[in-house]
1. Working from Cα positions, state the angle (0 to 90°, nearest 10) between the long axis of helix 15-26 and the longest principal axis of the chain.
2. Amide H neighbours of Phe62 under 5 Å, counting only residues 5+ apart in sequence or on other chains, H built in-plane at 1.01 Å?
3. Determine by what factor the alpha-carbon radius of gyration of the range 8-66 differs from 2.2 N^0.38 Å, reporting the quotient.
4. State, as an integer percentage, the relative contact order of the chain based on alpha-carbon contacts under 8 Å between residues 6 or more apart.
5. Restricting the calculation to Cα positions, tell me the Rg (one decimal) and the Dmax (whole number) of the range 21-100 in Å.
6. Among Ser84, Ser24, Ser42, which one shows the highest mean-square fluctuation when the chain is modelled as a Gaussian network with alpha-carbon springs under 10 Å?
7. Please compute the net charge surrounding Tyr94, taking Lys and Arg as +1 and Asp and Glu as -1 over other residues with Cβ under 12 Å from its Cβ.
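Values in this text are rule-based calculations from the coordinates and carry no lab data. Quantities reported herein were computed from a predicted structural model and do not represent experimental measurements. Here the Cβ positions follow ideal geometry from the backbone for every residue, glycine too, while neighbour counts run over all protein chains shown.
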Amino acid sequence: MATALNPYLHFDGTARDAMEFYQSVFGGQLDTSRYGDFGQGSPDEADRIMHSHLATDGGFSFMAADVPSGQDAPSGSQHSMSLSGDDDEALRGYFEKLSDGGTVIEPLAQAPWGDWFGMLVDKFGIPWMVNIAGNAA
């Protein structure tokens, strides 16, 4: 198996909803394991997500979990996700879908470096940056 670098997001009880939302945006295979599946955590944490992995057909791969009780979930401002490439249609679609229920910080617009760039915070508090390379319209 080749080595991979995967973003790992942490939530406070919303990991399942967040990852199902991301699957609706990007497609792909979502695998999840609950704390209860492994006899971990307290009984009230049995349905919380111990580990989840989304692998998309487009080659994206990232993971998430709910933090166990007694630990603080990192806030969204401690990490962000970035999408970049030259597939104008796909990247604009991701931006639109990710912004549903979230807040657009900077609408997609032509940036000084010639690309199209925008920023948003999704409905789960995760910041996203989208950069479309070249002179996309």
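1. Approximately 30 degrees, to the nearest 10.
2. Leu54
3. Values: Rg = 11.5 Å, N = 59, 2.2 N^0.38 = 10.4 Å.
Compared with the compact-globule rule of thumb, the range 8-66 sits at 1.11.
4. 21 percent
5. Taking only Cα atoms of the range 21-100, I get Rg and Dmax of 15.3, 47 Å.
6. Ser42
7. On the way: positive: Arg92, Lys97; negative: Asp87, Asp88, Glu89, Glu96, Asp100, Asp122.
Summing Lys and Arg as +1 and Asp and Glu as -1 gives -4.
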